[in-house]
C-alpha cells in the first residue's frame, strides 16, 4: 500500500480550563478505513471528535489532513474560510440529533441540495435530480422531497441528514452516535444503510459511539477511550475478542446479551 | 515448496484483569511452519490453545511476543506487528477462516453471506451468488433456504454456511476450527472433499479436527499443543 | 454636497431644530458611514441610528440618510409606493420642509434627492441625483440564517449558496421563484444585498444607474450604497431565469403599457382600474397628451380631482 494516510493525529489533547478532556491521542487513518472510538460518558470521545473534525481547536497537538492540492496540512493552520470549505466539500459530519444539522423549515430536497448550492450549483433541475437521487440512496420515499423534516420520523430525519452530508461525496465522514436515540429496529436498518454506503463509496469514517455492536458492524479499527486517554487501539474484532487492557475487558464483559 | 506460514517464538498469555489479574498462559516459544499444499492438524486436549493459535493466525487474537508470518501478496507479513489495514487486506485476499460459531451480520440472506468474500474481491454479484448457491447445495442446504438469513438455522446448518463462506474463494491459506463438528456423516464427507480439493490446488491448511477419522483423511501431519501451567 | 449651515451664514428651517433635525456630529457620522458604504458597494455598514420624531418602521433610516446629505440648494422629492401624496410621503416632505426649508417637488426630473419607500421612479435618473431608499430589513439572509454572526461570515466569505436554497424552495413549492419584492441582488458581483421592498419589476433599473443609490435602515442601524454605474444582478437559476412582472392591462389614465401598475377598486361591483404607481410619471404622460382607456370617464375625473393614489 503506497498511499499515505488521509488523516494523521499527533499528541492531540484538549483541556477545558483545568479539566483534561482528552490527552495524547495519536493515530493515522488511511483511505477507506473506518475507525470506531468507543468510551463511556465522560471518556472524552466527543471532544476528540470535535477536535478532529475542525470544530474545536485542540490545546495541544495537531490534526493533519491530506488536502487535495497541498497534501498533509494542519487543519487548524488553515484560515477559517479554507477550513469551512473543507468541512463542506471533503468532509462530512453526522450528528446524533439530526435536528441539529437539518433546516427544519426547508424541504427535504432543499436540505439535501443546500451544500450543492453553497458549492456553486445554479441549475434547479440538476439540483433537484441530485437530491432525488440521494433520497433514494438513503431509502427515503422520493415523493416526500418537498416535505419538511418536521414531518419525518427520527429515523427518517437521520437518513435525511446522511443524504445531506454525503451529497457532496466527501472523503472523510465524522459521525457522533449516528444511531443513538433511535428504536432498535430503526437503528438496525440505519446501520445496514451506513455499512452499505461506506462500502460502496469507499468512505473513510471516524465513528464515536458507546455501542459496541455498532463498532463491530461498521468499524475496521477500534480505539477505546477512558478518562481522556486511548487505552487500547487495534483491529476491531481483535480488541473486542482479545481485549488486553483492563478497561476494555470491563467494557466487553459489560455488554448485555439479549 | 513455498513456505506459507512461519511462527517464530510465539507466546500468548491471557491476563484477566477482572478476575484479580489472573494469568492464563497458553503457549510460548512456539515455532511452526506450514508449506503450500500441506494440511497441518493442531492436536491436544481441550483448553490447550488450539483455537487461540488458530485465531492468532488470522489476527483475531494478538500474541504477546514473537512473530506470526504469513505469505501474503508475495511477501511475509507479520500479523503480530502489522497495522489493521494490512490484516484486513490479508483476510480479504489470503486468509480463509472457518470458525465454530457463525457470527452473522443479521438480516443478510444466506446466499449473500456466502457470496460476500467473492464480491469483495471483485467478482460480479450475480456470478458470486450462483457460485454460492452451488456450494450451499453441495453442502445440502436447500435452495429454499438461500434467501433466508441464517439466524434461525440449526447448528449444523449454520456450520455449513460457515464452511461455504470459507471455501467460496480459493484462499492460499485456510484456517479451519472444527469444520465438521455438528455435521452428520454425509455432510462431513462433503467438507472433507472440499478440504482435499483445496489442498490439491496448493492451499496451506491449518485445522482443528476432533474427529480422528476426518483428521486422518485430510492432515499430512499434526502439531501437538500441550496445556501450560496456570500461574499460581 | 451642498453648502453647510455654517458657510451659508443663514440658518433656514425651524429655529428650534438644527438644519435637517440631526446635530452636525451625527450628520458627519452618517456621512462617514455612507462614504464607507459607497467604497464597498452592497456592504452593510453599521451606524448609530438616532431617535427620530416618528417610530421605527416608518422610514427613520431613509430620513436620517436624507438629513445627513441634504443642503439648502437641494430639491427634495418624497414618494411612497410611487406616489407623492400618500400620508407618509406627505409627512416626510413636510418634516424636511420644516427643518431645512429646502424646495420640495413632485417632479422626478426636477429633484436632486429622491427619498422613496418601495418604488424606483419610472423616469431614468441622472448622475446629479441621489435616490435614498427606506429599508426595513437590510439583511437579505435574515429568514434563512437567524444567527447574526453566521450572516457576517457568509458575507465576508461570499458563501451565498444558502440564498439559492430559499429560491429553490420557491420553485419547489410554486413552480417558479415566487418572491415579487425585495428580490435579492448581487451588487458589483461581490455582496448580496436586499434592494428594500421594491417590486422585482424595479430591480433592472438598479444596474448601471447614473444616480447614487443610498439605503438606510433605522431600526436595524445599517447603511449601504450602490455607486453610480454599478452592476446589480438579480439572483436566479440557469433554468429559472429572473423575470419581471407584466400586466395584461395598461394604465387607465395615461395608457402606459410598460410602467408598474396599481390596481384600484372603483365600486362595490368590483369595477377596477389599473393606474401607474408612479404618479409623477403618469401626470407627465398625460401632460404630453397620452390618454388611457378610461381617461375621459366621469368617475376618473372625480378621482383625478381627489388625487389618485
Next item on the list: For chain B, with a Gaussian network of springs between Cα atoms less than 10 Å apart, report the residue from B:57, B:79, B:121 with the top mean-square fluctuation.
Entry: B:121
Check: Given the options A:71, A:234, A:13, which has the most mean-square fluctuation in a GNM of chain A, springs set between C-alpha atoms less than 10 angstrom apart?
Finding: A:71
Check: If you count the DSSP beta bridges with both ends in chain C, what percent of them are antiparallel, to the nearest 5?
Finding: 60 percent
Checklist line | Label-point gap, in nm, between residue C:287 and residue A:183 - each point 7 angstrom along Cα→Cβ | finding: 7.5 nm
Next item on the list: Provide the FRET efficiency to the nearest 0.05 for the residue C:179-residue B:186 pair, computing r from the beta carbons and using R0 = 60 Å.
Entry: 0.20
Note to self: Using the basic label-point model (7 angstrom from Cα toward the beta carbon), what is the residue C:219 to residue B:35 distance in nanometres?
What the structure shows: 9.2 nm
Margin query: With Kirkwood's inverse mean 1/r over C-alpha pairs for Rh, give me the Rg to Rh ratio of the range B:26-128, two decimals please.
Written below: 0.99
Item checked: Nitroxide proxy distance, nm - points 7 Å out along Cα→Cβ at residue B:13 and residue C:190 -> 7.2 nm
Notebook entry, point to check: Going 7 Å from the Cα of residue B:23 toward and past its Cβ, which residues in the range B:49-67 have a backbone nitrogen under 13 Å from where you end up?
Noted result: B:64-65
Notebook entry, point to check: Hey, how many Å between the Cα centroid of the range C:86-163 and the Cα centroid of the range C:23-60?
Noted result: 11 Å
Item checked: Cα gyration tensor shape for the range A:183-242, rounded if a/c is under 1.5, else prolate or oblate -> prolate
Item checked: Cα convex hull volume per residue for the range B:79-165 (Å³) -> 98 Å³
Checklist line | Between 0 and 90°, nearest 10: helix A:184-201 axis offset from chain A longest Cα axis | finding: 90 degrees
Margin query: Only counting other Cβ atoms within 10 Å, I'd like A:142, B:2 sorted with the fewest neighbours first.
Written below: B:2, A:142
Next item on the list: Pull out a ≥ b ≥ c, the square roots of the eigenvalues of the alpha-carbon gyration tensor of chain A, then state rounded if a/c is under 1.5, prolate if not and a/b is larger than b/c, and oblate in the remaining case.
Entry: oblate
Check: What's the extension gain from residue C:170 to residue C:75 if we count 0.36 nm per residue and subtract their Cα-Cα distance?
Finding: 30.1 nm
Note to self: Using a 7 Å offset from Cα along Cα-Cβ at residue B:193, what residues in the range B:133-159 end up with backbone N under 16 Å from the label point?
What the structure shows: B:133-142
Item checked: Where N is the number of residues in chain C, Cα Rg divided by 2.2 N^0.38 Å -> 1.04
Next item on the list: Distance between Cα centroids, the range A:123-176 to the range C:190-237: provide it in whole Å.
Entry: 35 Å
Check: Could you work out the helix-only [θ] at 222 nm for chain A, with each DSSP H run of four or more residues adding -39,500 (n - 2.57) and the total divided by the number of residues, to the nearest 500 deg cm²/dmol?
Finding: -11000 deg cm²/dmol
Item checked: FRET efficiency, residue C:31 to residue A:195 (Cβ-Cβ, R0 56 Å, nearest 0.05) -> 0.30
Item checked: Cβ-derived FRET efficiency at R0 51 Å, residue A:151 paired with residue A:19, nearest 0.05 -> 0.80
Margin query: How many angstrom lie between the Cα centre of the range A:11-57 and the Cα centre of the range A:82-112?
Written below: 21 Å
Notebook entry, point to check: If all Cα-Cα distances of the protein assembly as shown are sorted into 10 Å bins from 0 onward, what percent lands in each bin, rounded to whole numbers?
Noted result: 2, 11, 16, 17, 14, 10, 8, 7, 6, 5, 3, 1, 0
Margin query: Could you tell me how many cubic angstrom of Cα convex hull volume the range A:101-169 has per residue?
Written below: 75 Å³
Notebook entry, point to check: Which value, in nm² and rounded to one decimal, describes the direction-averaged projected area of the C-alpha convex hull of the range B:3-224?
Noted result: 12.6 nm²
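Just so you know, all these numbers are worked out from the coordinates, no wet-lab data involved. Fair warning: this is a prediction, and the values are worked out from it, not measured in the lab. Note that we place each Cβ from the backbone using ideal geometry, even for glycine, and neighbour counts take in every protein chain shown.
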